[in-house]
1. How about region 100-134: which of its residues are more than 22 Å from T52 (Cα to Cα) and either surrounded by 20 or more Cβ atoms within 10 Å (Cβ to Cβ) or of a type outside the set (S, T, Y) (or both)?
2. Taking the conditions exactly as written (modelled with pLDDT of 90 or more and open to solvent by less than 50 Å² (accessible area, probe 1.4 Å)), does S91 satisfy them or not?
3. Considering only region 67-87, state which residues are in contact (Cβ under 8 Å) with a residue 12 or more places away in the chain and over 18 Å from A107 (Cα atoms).
4. So which of E76, E83 ends up being open to solvent by 30 Å² or more (accessible area, probe 1.4 Å) and either within 17 Å of the chain's Cα centre (by Cα) or within 18 Å of R54 (Cβ to Cβ) (or both)?
5. Only residues that are in contact with a helix residue (DSSP H, G or I) (Cβ under 6 Å, 6 or more places away or on another chain) and either in a strand (DSSP E or B) or free of Cβ contacts under 8 Å to residues at least 12 places away in the same chain (or both): list them for region 124-150, please.
6. Is it the case that some residue within region 106-123 is assigned to a helix (DSSP H, G or I), within 20 Å of T63 (Cβ to Cβ) and small (G, A, S)?
Amino acid sequence: MKKAIYILVFVLLVGSCMATAQQYQGSPQDGKALNVPPPPPKSKPDMQYGNTARAAIIAERLTEAAQGNAAVHINEDCIITVEVYLKQDASPYDIAGTMANLTYMLADMYSLTDRADCDIALKVYDTSKNLIIDAKLNVARNAFEYFKAG
C-alpha cells in the first residue's frame, strides 16, 4: 500500500512539473505567451575577470549584468577582493547602497563554497580609476568593518 502511495505521489509530482515546464516554454496564460530567453552558452572562464575560474565566471556575469556601466574583477585569496570599475561617472554616495548590496550578495554566494569564512573587500573606481568606495565586510560578524565613500 505504501509503495502505491509513493508511486501516486511521484506521478502527481512529475505531472505537475511537466505542466509547469510547459508554461515556461511559452504556453498561453491568460491569452499571453511567456517569452523566456534561451540560456546563455556555458561559461568558459575569462581570466581577465578573476584569478580563479569561479571568480572569473561570477565577475564576468556581473559585468554583463551591469550593461556597460561597470566592469567587475574578483580576486579569491585569504580575502575576496571585488573591484568595480565604473564606465560612467557616478557619485559614491548615490551608489553606496547598491555596492553594499553587491557585497552582501557575494557574501551569500561564497557562503556556499570553500571560501565561506573569507572577508570581502570592495573597491569601486571611477572612470579615471580613482578609488571612490573602499569597504570591507567582516563575514563572521556579518557587518562592515569600514565603508568609506568619497
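The values are calculated or read from the model by the stated rules, or taken from the named source; none is laboratory data. This is a predicted model, so every value here is computed, not measured. Please note: Cβ atoms are built from the backbone with ideal geometry, for glycine as well, and neighbour counts cover all protein chains shown. Note: areas computed on protein heavy atoms with side chains; ligands, DNA, RNA excluded. Shrake-Rupley method; radii C 1.70, N 1.55, O 1.52, S 1.80 Å.
1. A100, N101, D126, K129, N130, L131, I132, I133, D134
2. So S91 passes the test.
3. G68, N69, A70, A71, Y85, L86, K87, listed by residue number.
4. After ruling out the rest, the residue left standing is E83.
5. If the condition is that a residue be in contact with a helix residue (DSSP H, G or I) (Cβ under 6 Å, 6 or more places away or on another chain) and either in a strand (DSSP E or B) or free of Cβ contacts under 8 Å to residues at least 12 places away in the same chain (or both), then V124, I132, I133, L137, A149 are the ones that fit.
6. Taking every residue of region 106-123 in turn, at least one turns out to be assigned to a helix (DSSP H, G or I), within 20 Å of T63 (Cβ to Cβ) and small (G, A, S).
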